[in-house]
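Structure first, commentary second.
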């Protein structure tokens, strides 16, 4: 696919995660200008122009680009990263007067306690947030505290630092060392991940997948499943995402949300970010499930064109799964694999994430997962997903002393 577009796509990042976006831009006929702090970043080989700079240094990036002799205009800016990199995306979009989200709005999303408080006060159903100082007041009735609670870093990512607070003693230990505590009630139920786009302040849903996590903190992600097995929540999720856009002022770009339900079927917003999101959803799971290129539509959005969302489901009574092999809670040595007899899986993706012999520590979050695979299977096999086993192999972990 080459549409011979006359113009430049600026890619904030040129690492492995950014390559699918860069490749999509070249396939659509754009010239690519890539920025990355590593001179050897693989995306540079697909780019006509390169700037070696940290993608969080947006003022330096603007200065570098301003000094280049570009023969075509920059038509859009994209990024697969998160946090400060998304602030760079907003800053540069404003500077070059391109479709994007205002930097002042983007900054609001990276204080998770603040954005949830705002959304809750505006009518969005989120887990109850609690003030640790109030909870530690000796006059409070301990029976009124809805233990267990979840502690999350205000600016955390990839599950790092999430802890469960079972009682008042746990809270005292945490509060002694952490002043910026983000506490909320624990919601135990089904989980969903939604990917989509914001275009001219309207939400366009790309996918809603089921998410399976460990049953211990920090609740590392084990699997993502398309299509969702609970389609009755789709309509409400889409309405909430649009409501968030209306409340926050998002206008153009990627958007990812996380939701959970409780035992009564009430839907709670757990997290929302103006990002593409990870977990191999956009680049592996979605195209395998729908014959759809997420990044083609992302490029449409960042260049001011409405997303097409032309998706043809490739699944009939089957489910596509991205599954991780996750270590046990605590510190363990990843010792390798052993084979066993199992049903045949239809694999379409496999990647080793950590080397055999490494010491894993689940407190550090999702980056401690050792392997990821993608496969097609039935609902019955999904119900048997195991964090240590996939296909005909099982990971071996030994307790680290």
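Nearest 10 degrees, 0 to 90: what angle lies between the long axis of helix 168-177 and the longest principal axis of the chain (Cα atoms)?
40
Taking neighbour counts of Cβ atoms within 10 Å as a proxy for exposure, in what order, fewest first, do 301, 35 appear?
Ordered from fewest to most neighbouring Cβ atoms within 10 Å, 301, 35 come out as 301, 35.
How large is the Rg to Rh ratio of the chain when both quantities use alpha carbon positions and Rh follows Kirkwood?
That ratio is 0.97, to two decimals.
At 20 °C and 1.002 mPa s, grab the translational diffusion coefficient of region 179-294 from Stokes-Einstein with a Kirkwood Rh over Cα pairs, rounded to a whole number in µm² per second.
Estimated via Stokes-Einstein, D reaches 144 µm²/s.
So for 321, 126, fewest C-beta neighbours within 10 Å to most, what's the order?
So the ranking, lowest neighbour count to highest, is 126, 321.
Return a whole-number percent for the relative contact order of region 8-98, with Cα pairs under 8 Å and 6 or more residues apart as the contact set.
32
If I build a Gaussian network model for the chain, linking alpha-carbon pairs within less than 10 angstrom, which residue out of 263, 81, 113 has the largest mean-square fluctuation?
For the chain, modelled as a Gaussian network with Cα springs under 10 Å, the answer is 263.
Restricting to DSSP H runs of at least four residues, report the calculated mean residue ellipticity at 222 nm for the chain, -39500 (n - 2.57) per run over all residues, nearest 500 deg cm²/dmol.
So the calculated ellipticity at 222 nm is -6500 deg cm²/dmol.
Stick to Cα atoms and the Kirkwood definition of Rh, then tell me Rg/Rh for region 191-399.
With Rg and the Kirkwood Rh in hand, the quotient comes to 0.99.
Extension gain residue 215-residue 358, at 0.36 nm per residue separation less the Cα-Cα distance, in nm?
49.2 nm
Based on the alpha-carbon gyration tensor of region 273-316, what equivalent-ellipsoid semi-axes (square roots of 5 times the eigenvalues) come out, in whole Å, largest first?
Gyration-tensor ellipsoid for region 273-316: 19, 14, 7 Å.
Can you sort 214, 303 so the residue with the fewest Cβ neighbours within 10 Å comes first?
In order of increasing Cβ crowding within 10 Å: 214, 303.
Considering the chain as a Gaussian network with a 10 Å cut-off on Cα pairs, which listed residue, 145, 276, 240, attains the greatest mean-square fluctuation?
145
As a test of the definition: which semi-axes, in Å, follow for region 8-98 when you take the square root of five times each eigenvalue of its alpha carbon gyration tensor? Largest first, please.
After diagonalising the Cα gyration tensor, the semi-axes are 17, 15, 13 Å.
Bear in mind that the values in this text are calculations on the coordinates, not laboratory data. What you are looking at is a predicted structure, and each value in this text was computed from that prediction instead of being measured. Virtual Cβ from ideal backbone geometry, glycine too; neighbours counted across all protein chains shown.
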